[in-house]
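Each reported figure results from applying straightforward, stated rules to the coordinates on display, with no laboratory input. Given the structure is predicted, the values throughout are model-derived calculations rather than measurements. Quick reminder, even Gly has a Cβ in these numbers, built from the backbone with ideal geometry, and neighbours come from all protein chains shown.
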Amino acid sequence: MTTFNISTRGQGLYEFTRDVRAWLAVQGDGDGLLTLFVRHTSCSLLIQENADPEVQTDLRNFFARLVPPTTDPSMSYLTHTYEGPDDMPAHIKAAMMPVSLSIPVQQGELALGTWQGIYLFEHRDQPHQRQVVAYLSH
Amino acid sequence: MTTFNISTRGQGLYEFTRDVRAWLAVQGDGDGLLTLFVRHTSCSLLIQENADPEVQTDLRNFFARLVPPTTDPSMSYLTHTYEGPDDMPAHIKAAMMPVSLSIPVQQGELALGTWQGIYLFEHRDQPHQRQVVAYLSH
Amino acid sequence: MTTFNISTRGQGLYEFTRDVRAWLAVQGDGDGLLTLFVRHTSCSLLIQENADPEVQTDLRNFFARLVPPTTDPSMSYLTHTYEGPDDMPAHIKAAMMPVSLSIPVQQGELALGTWQGIYLFEHRDQPHQRQVVAYLSH
């Protein structure tokens, strides 16, 4: 078991596939299951395309439109607004995207597809320190 | 392995973190992985903020607007409507939010963050008995 | 560990519960945890109602309206468009629905509810070969 600490600087995707692979490399060669779990309710875990950075920009912009800040008139029915206009939308996005990911490990290697990277999706505007717990079971 | 039985009384979030912790307390002290799995297609599992109940109200209201009842004119293209106006929207919400959650267990304790609680999100209007299967692996 | 190969012919849900059960039947009788993981970023895994095929049609149509093709004027802000009008919407849907599923196995049987089936949800228009990795842990 380990914890990855990820520093974020506003809304968007932060890849940490390399950190996961580096940790896995010293865990042995067998088959297993890697679980990632994010210890927060205003960011998410995602597996997404790692080839074209435009995909990440588009993802951020889509969800910013689907769940706009509470200053947007369409969101005036929301009540949990005193932690900032990005707070309740962050909780909503955290409900729509994964808090945990389960990735099989084959002979010590992640079973990711060619274009799959592992990301933390930050939903808050301010910088945050995020913790992702990793557990390898067999 | 155990099953949590959760009684719901209409759409909304029902916390059962305490039940999970009570069961885990008699499973021993080691590291492991807790899996929760809900055996239904019209409710979801969520990990969300447990500090302010307004977050739960806002989540329910957001998803009720994103996926309104089939009586709403904007949903007139839906065909699976004979089990009630809340039925197909419930299936859609169940597709957008988790059916399973994976939570690492460290020395017998859930690796939840400070503000994280475990909820069943009921998407139907009528009272239901919901089953959540819990499995602890090592 | 095994890999299920699923051929898709356009957007929609493809059930493979039977393949999962057939593989599980030769893995022994104990308790365990089945993990399914899809090795792509433009399709999803879903557990959904398997009783009425209209549910599957409605799911496809809901998400096609929530995340329309990039040819739709409402999506003109998206930039990752050169792989076709269905490509970036596919990545967005893949962010909103599961890439991995965790299903407890009790005495060799999936702990699925009566109406639950396991589906691959294809988000692309063209035929694809999709790989789903299955891992059984104890």
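Residues whose amide H falls under 5 Å from that of C:E109, counting only those 5 or more places apart or on a different chain, are absent, with hydrogens built in the peptide plane. Here chain C is treated with +1 on each Lys and Arg Cβ and -1 on each Asp and Glu Cβ, and its dipole about the Cα centre works out to around 260 debye. Sorted from nearest, the other copies put their B:M1 label points 2.4, 2.4 nm away, the label point being 7 Å from Cα in the direction of Cβ. For the residues of A:104-116, the average number of beta carbons from a partner chain within 10 Å of their own beta carbon is 4. In nanometers and ordered shortest first, the copy-to-copy spacing of the A:D19 label point, defined 7 Å from Cα toward Cβ, is 3.5, 3.5.
Using Cα atoms only, what is the angle between the long axis of helix B:53-66 and the major principal axis of chain B, expressed in degrees (0 to 90) to the nearest 10? Between the helix axis and the principal axis of chain B, the angle is about 40 degrees. In chain B, the DSSP-assigned H stretches of four residues or longer account for a calculated mean residue ellipticity at 222 nm of -7000 deg cm²/dmol, using -39500 (n - 2.57) per stretch and the full residue count as denominator. Ascending distances from the C:P73 label point to its copies in the other chains, with the point 7 Å along the Cα-to-beta-carbon line: 1.9, 1.9 nm.
Taking the longest Cα principal axis of chain A as reference, the axis of helix A:87-96 is set at about 50 degrees.
Using C-alpha pairs below 8 Å separated by at least 6 residues, the relative contact order for the stretch C:1-124 is 49 percent. Between C:T114 and A:R9, the simple label model (points 7 Å from Cα in the Cβ direction) yields a spacing of 5.6 nm.
Each listed q (0.06, 0.08, 0.15 Å⁻¹) maps to a log10 I(q)/I(0) for the protein assembly as shown, found by the Debye formula over equal Cα scatterers with no solvent: -0.21, -0.38, -1.66. Once divided by 2.2 N^0.38 Å, the Cα radius of gyration of the stretch A:87-138 becomes 1.42.
Karplus-based coupling profile of the stretch C:72-83, in residue order and whole Hz: 6, x, 5, 10, 5, 6, 6, 10, 8, 10, 7, 9, with θ = phi - 60° in 6.51 cos²θ - 1.76 cosθ + 1.60 and x standing for Gly or Pro.
Any idea what log10 I(q)/I(0) is at q = 0.22 Å⁻¹ for chain B, Debye with uniform C-alpha scatterers and no solvent? The Cα Debye sum returns log10 ratios of -1.32.
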